[in-house]
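Enquirer: Supplied in structure tokens, the structure appears directly below.
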Amino acid sequence: MTDARITAAGPGRIVGWRSERPGAGRLARDSLLIAGRHLRVLRGNLGRLIYPLLQPVLILVLFVSVLENLASVSGGPYRQFLIPGIMIENVVLTAPITGLALVRDADTGLADRFRSLPMSRSAVLVGRLLSDAVVFFVQALVMIGVSYLLGFRVHTGLPGLVGIVAVAVAFGIALGVTCAWLALLIRDVETAERALFFPFIPLAFVSSAYAPVDRLAGWLQPLARVNPVSSAAAVLRALADGGPLAASALQLAAWTAVLAIVPGVLAVRRWQASP
Amino acid sequence: MTNADEAELAIEARGVEKSFGGVQALRGVDLTVRPGMLAALLGPNGAGKTTLVRILATLLRQDCGTVRVLGRDVLARPYAVRSVIGLTGQYAGLDEALPGRDNLVLIGRLAGLGRRLARQRAADLAERFGLAAAAGRSVRTYSCGMRRRLDLAASLMNRPALLILDEPTTGLDPGSRVELWAALRELREAGTTMLLTTQYLEEADRFADAVHVLDHGVIIAAGTAADLKARAGAQVVDVLLAGQGAAAAAEALRASVAPSDLHVDEASRRLTIVARDGLTTLLTTAKLLEADGIAVADIVMRQPSLDEAFLALTSGISGTQPSGAPR
């Protein structure tokens, strides 16, 4: 099918028109453009850049200093047990920002602008997630560095380190997608701010992040066992210490897929349908 | 396939209806805009202007009716529509945290331009809208007028065949308004087709080639500004009394003014008289009031206000054209 060529009488000419629905190539291109936009904002605004970098340092030092003398675990120093939990806690604290950024965009004229462009609409979400992946990646490196100074050791060498970073990024993205969908459901920025951070308190604490599951109150234990934060923390510990990996890795992979795919599809639909 | 006749029209809307919940925002709108025209969509708040604009820009789907933009159906081929329009909404579509230049380049690239072309156009447009010096600064530091100009520049990055502007001058100070109008006039001279919404009759009057009056979700009148003014009725004389005594003043005028042409507002001490005889009405009014010793604080002759024009247009057209543009 060919279309009549539109010659704009305006300040220029529109020669032909792009294929109707942006394909995968356009999705990739536009996602990179959106990711570039968010990263450029981070680069150009010291205030926005400093908090994602400061947060992991702060919570590592604080949690380790406060909790260390209170607890002990069998099979090694508590620090070695606690730090992977804090790494996941950091991811959990960062993920809501993804959702909030999206709903903030939806609230401004920028969302209308994007929707009125012949761009891939999914790119708004995918691009944001890409830029968040960069943030999670840098945070993971910072955490590993600070953890090393605090005495945390990765006994499995480079593969273990790569694994830890990969898990932090993947889990962060999966949670980020979920948050994006929730934020778009809520729509109101202020409500979303509260609602998105709230579930993460139980999510982070009812888990094996700070204590082994069998040391939690009895009624919490079944919840803690299925909590994705527990499996993520377990995977990080196994990666650092070289312990058995398969069961928790499988559980984490399943969680990551569920948290990313279902809300991801719903979030993109929601974004497209927004008034 | 798009045949040449359909492509000739920039906007062709037929019987467009849209409801939100139980509220009917548009109740069968017909709208035709020919290429090269600056068309104004005039109406008060809540008339349905923004709803119609959002349907044209593929941001909303209409419930009923067909809409074609440059021959492309907005429901069937939204991406084809998006590739030929530019939209300047009521709220600036900009990333506040980014410099003006980066905003332009980003929007240009998302519209499909290559990197070099996007940068080139961003520089050209920044220059043209007097933003070259500020292009490297983040939009957060821009004044309201600069934001509007940048927003307009962003809408022009893909060189749209149709530029849609939703209340472009609302909230601007008079200076910025003049600047924006100068930019729009320049675009019109270059031949860009534009549809803009406004609440201001004077604005539509001064700049638009065609004016469509939207009220309660229906186009109640359409034509050139001159057509509408003729239909909206004569000018009016406004009298503000120095003291009380509106009733006495009305009594004094009774000899020369038909009761239906005289409106008295006792509380605000104001008389409004339809100036059937133009300036003569003003002079007669002043003489009669003076003869009866009624002190006048202010007396002016003016165009009918938008409210008055609406009243005249609605009553003038009822029964003959219940809906749709008479063109």
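The values are calculated or read from the model by the stated rules, or taken from the named source; none is laboratory data. Since we're looking at a predicted model, the values are computed, not measured. As a convention, Cβ positions derive from the backbone with ideal geometry for all residues, glycine included, and neighbour counts pool all protein chains shown.
Enquirer: I'm trying to understand the selection: among the residues of region B:104-152, which are within 14 Å of A:L110 (Cα to Cα) and either within 27 Å of the chain's Cα centre (by Cα) or not in a helix (DSSP H, G or I) (or both)?
Expert: B:L104, B:I107, B:G108, B:A111, B:V139, B:R147, B:R148, B:L150, B:D151, B:L152
Enquirer: Somewhere in region B:36-58, is a residue closer than 26 Å to A:G25 by Cβ and in contact with a Ser or Thr (Cβ under 6 Å, 6 or more places away or on another chain)? Please lay out each step first, then the result.
Expert: Initially, region B:36-58 is screened for residues closer than 26 Å to A:G25 by Cβ, giving B:57-58.
Now restrict to residues that are in contact with a Ser or Thr (Cβ under 6 Å, 6 or more places away or on another chain): B:57.
Within region B:36-58 (the criterion being closer than 26 Å to A:G25 by Cβ and in contact with a Ser or Thr (Cβ under 6 Å, 6 or more places away or on another chain)), the answer is yes, since at least one residue qualifies.
Enquirer: Within the group A:A238, A:A247, which residue is without any contact (Cβ under 8 Å) to a residue 40 or more places away in the chain, part of a helix (DSSP H, G or I) and surrounded by fewer than 19 Cβ atoms within 10 Å (Cβ to Cβ)?
Expert: On the way: A:A238 fails: surrounded by fewer than 19 Cβ atoms within 10 Å (Cβ to Cβ).
Criteria check complete, one pass: A:A247.
Enquirer: Would you check which residues across region A:91-110 are at the interface with chain B (Cβ under 8 Å from one of its Cβ atoms) and not polar (S, T, N, Q) and list them? Break it down stepwise before answering.
Expert: Here is the first cut: in region A:91-110, the ones at the interface with chain B (Cβ under 8 Å from one of its Cβ atoms) are A:108-110.
Within region A:91-110, A:G109, A:L110 meet the criteria.
Enquirer: Moving to a separate point now. Starting from residues that are at the interface with chain A (Cβ under 7 Å from one of its Cβ atoms) and outside any loop (DSSP other than H, G, I, E, B), keep the ones in region B:74-84 and report whichever is surrounded by the most Cβ atoms within 10 Å (Cβ to Cβ). I'd like the intermediate steps shown before the answer.
Expert: We begin by selecting, within region B:74-84, every residue at the interface with chain A (Cβ under 7 Å from one of its Cβ atoms); these are B:77, B:79-80, B:82-84.
Checking which are outside any loop (DSSP other than H, G, I, E, B) leaves us with B:79-80, B:82.
Values: B:Y79: 20, B:A80: 24, B:R82: 27.
Step by step, filter region B:74-84, then rank; the result is B:R82.
Enquirer: Answer yes if at least one residue in region B:157-179 is part of a helix (DSSP H, G or I) and within 23 Å of B:A47 (Cβ to Cβ), and no otherwise. I'd like the intermediate steps shown before the answer.
Expert: In the first step, residues of region B:157-179 are kept if they are part of a helix (DSSP H, G or I); the result is B:174-179.
Now restrict to residues that are within 23 Å of B:A47 (Cβ to Cβ): B:177.
Yes, region B:157-179 has at least one match.
Enquirer: Only one of (1) touching a residue at least 60 places away in the same chain (Cβ under 8 Å); (2) surrounded by fewer than 21 Cβ atoms within 10 Å (Cβ to Cβ) is not met by A:Y78, so which one is it?
Expert: Failed condition: (1).
Enquirer: Something else about it: Those residues that are away from every other protein chain (no Cβ under 11 Å) and over 19 Å from B:G86 (Cβ atoms), I need them from region B:49-72; list them, please. Let's see the steps before the verdict.
Expert: Within region B:49-72, the subset away from every other protein chain (no Cβ under 11 Å) is B:49, B:52, B:55, B:62-68.
Residues satisfying the conditions are B:Q62, B:D63, B:C64, B:G65, B:T66.
Enquirer: Follow-up. List pairs: first in region A:208-230 and of a type in the set (A, V, I, L, M), second surrounded by fewer than 17 Cβ atoms within 10 Å (Cβ to Cβ), Cβ under 6 Å, 6+ apart or cross-chain?
Expert: Going by the 6 Å Cβ cut-off, the qualifying pairs are A:V213/A:Q221; A:V213/A:R225.
Enquirer: Which condition number in (1) at pLDDT below 90; (2) more than 19 Å from the chain's Cα centre (by Cα); (3) within 25 Å of A:L266 (Cα to Cα); (4) buried (at least 19 other Cβ atoms within 10 Å of the Cβ) is the one that A:D107 fails?
Expert: (4)
For every residue, the table says whether it meets (1) aliphatic (A, V, I, L, M); (2) more than 14 Å from every other protein chain (Cβ to nearest Cβ); (3) in contact (Cβ under 8 Å) with a residue 12 or more places away in the chain.
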site	(1), (2), (3)
B:A161	yes, no, yes
B:I164	yes, no, yes
B:T170	no, no, yes
B:P174	no, yes, no
B:E179	no, yes, yes
B:A183	yes, no, yes
B:L195	yes, no, yes
B:Y200	no, yes, yes
B:E203	no, yes, yes
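Enquirer: If you don't mind, another one. With respect to B:A111, is the statement that it is closer than 30 Å to B:R68 by Cα and not β-branched (V, I, T) true? If you could, list the steps in order and put the result at the bottom.
Expert: Details: closer than 30 Å to B:R68 by Cα: yes; not β-branched (V, I, T): yes.
Answer is yes for this residue.
Enquirer: Name the residues in region A:28-73 that are outside any helix (DSSP H, G or I), free of Cβ contacts under 8 Å to residues at least 12 places away in the same chain and over 30 Å from B:R109 (Cα atoms), would you?
Expert: Step one: list which residues in region A:28-73 are outside any helix (DSSP H, G or I), which gives A:45, A:68-73.
If we keep only those that are free of Cβ contacts under 8 Å to residues at least 12 places away in the same chain as well, we get A:45, A:69-70, A:72.
Residues satisfying the conditions are A:N69, A:L70, A:S72.
Enquirer: Sticking with this structure for a sec: In region B:256-276, which residues are at pLDDT 80 or above and either touching a strand residue (DSSP E or B) at 6+ places or on another chain (Cβ under 7 Å) or part of a strand (DSSP E or B) (or both)?
Expert: B:V257, B:L262, B:H263, B:V264, B:D265, B:R269, B:R270, B:L271, B:T272, B:I273, B:V274, B:A275
Enquirer: Within region B:14-26, can one find any residue that is among the aliphatic types (A, V, I, L, M), in contact with a strand residue (DSSP E or B) (Cβ under 8 Å, 6 or more places away or on another chain), within 10 Å of chain A (Cβ to nearest Cβ) and in contact (Cβ under 8 Å) with a residue 40 or more places away in the chain?
Expert: First pass over region B:14-26, keeping only residues among the aliphatic types (A, V, I, L, M): B:16, B:23, B:25-26.
Add one more test, that the residue is in contact with a strand residue (DSSP E or B) (Cβ under 8 Å, 6 or more places away or on another chain), and what stays is B:16, B:25-26.
Next, from what is left, pick out any that are within 10 Å of chain A (Cβ to nearest Cβ): none.
Within region B:14-26, none of the residues are among the aliphatic types (A, V, I, L, M), in contact with a strand residue (DSSP E or B) (Cβ under 8 Å, 6 or more places away or on another chain), within 10 Å of chain A (Cβ to nearest Cβ) and in contact (Cβ under 8 Å) with a residue 40 or more places away in the chain.
Enquirer: Could you say which residue among A:R270, A:R237 is within 21 Å of A:I97 (Cβ to Cβ) and charged (D, E, K, R)? Break it down into steps so the answer makes sense when it comes.
Expert: Values: A:R237 fails: within 21 Å of A:I97 (Cβ to Cβ).
On inspection, the qualifying residue turns out to be A:R270.
Enquirer: Right, here's the next one. How about region B:85-120: which of its residues are closer than 19 Å to A:L42 by Cβ and more than 7 Å from every other protein chain (Cβ to nearest Cβ)?
Expert: Selection gives B:E96, B:P99, B:G100, B:R101, B:N103, B:V105.
Enquirer: While we're here: Report whether or not B:L196 is within 14 Å of the chain's Cα centre (by Cα), buried (at least 18 other Cβ atoms within 10 Å of the Cβ) and among the hydrophobic types (A, V, I, L, M, F, W, C). Show your work before the answer.
Expert: On the way: within 14 Å of the chain's Cα centre (by Cα): yes; buried (at least 18 other Cβ atoms within 10 Å of the Cβ): yes; among the hydrophobic types (A, V, I, L, M, F, W, C): yes.
Yes; evaluated as a whole, the condition is true for this residue.
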